[in-house]
Amino acid sequence: MVRDANTKQAASEKQLREARGKIDMLQAEVTALKTLVITSTPSSPNRELHPQLQSPSKAVFRKGHGRNKSASSAVVTATSQSLPLEPVSNECKEVDSILFAEFQAWKESPTLEKSCSFLERIYREDVGPCLDFTKQELSELVREAVEQNTLTIEPVATQALPVVKVSAMECGGPNGFRSQTVTKCALSGLSRACKHRIKLGDSGNYYYISPSCRARITAVCNFFTYIRYIQQGLVRQDVELMYWEIMRLRREMSMAKLGFYPSAM
């Protein structure tokens, strides 16, 4: 999730961390590192932590995606290659010929332009509905920030605050951290326990969002993160495996739109 090279790296990493819930364990230098580092950046993917970036022959030797709670990084030694395989899913899948053909056509010349049939469909069926909130004007700004990779999500610092009116906490200032209290979600307009806030681009305004709205935004960010990886040539995988990862990300958006999200949010 990098729009500019190193100038926006810090902001991109923060966005990815929140976008995926796993992004604080992204990749280190692709061309330089051969050992594993627990923290990494989107410009240099850690292939062991992201098996979709590996060749199919190596993808089975996969380490779990559980978030490392420690702030320190650790180099995984060669002995970790003997990790047990993950349980095989019993879920049945069948490739849809139309969707697969659209993806293949896009993969030949990947672009982020939504005019192509592949992205046009996903915008219409998934991205649009997932980012369609009650507050229409802010929803449009959020969608643009996600597309331009300039949206930041961060947790609200927990600290004791005096009781204030709900309306006063709908949008905070650049230096004001709020506790996890019941307040108005800036996107839904409903009173919720807003544990996170978003910032759009270089704006100094922060908008407090509910867990459900955060799940919807991060599901869309997850999708854009992956297709950017493909566009940048970072995904080394069979085209059908890429297709199924896209379908999984689309399912995440659909579930989030319907109101389902992890309890950790």
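The values are calculated or read from the model by the stated rules, or taken from the named source; none is laboratory data. These numbers were taken from a predicted model, which means no experiment stands behind them. All Cβ positions, glycine included, derive from the backbone under ideal geometry; neighbour counts span all protein chains shown.
All conditions but one from (1) under 17 Å from the mean Cα position of the chain (by Cα); (2) at pLDDT below 95 apply to residue 115; the one that does not is (1). For the stretch 190-210, the set of residues classified as out of contact with any Lys or Arg (no Cβ under 6 Å at 6 or more places or on another chain) and assigned to a loop (DSSP other than H, G, I, E, B) consists of 190, 194, 195, 201, 202, 203, 204, 205, listed by residue number. Looking only at residues in the stretch 245-265 that are assigned to a helix (DSSP H, G or I) and small (Gly, Ala, Ser), the one that is surrounded by the most Cβ atoms within 10 Å (Cβ to Cβ) is 256.
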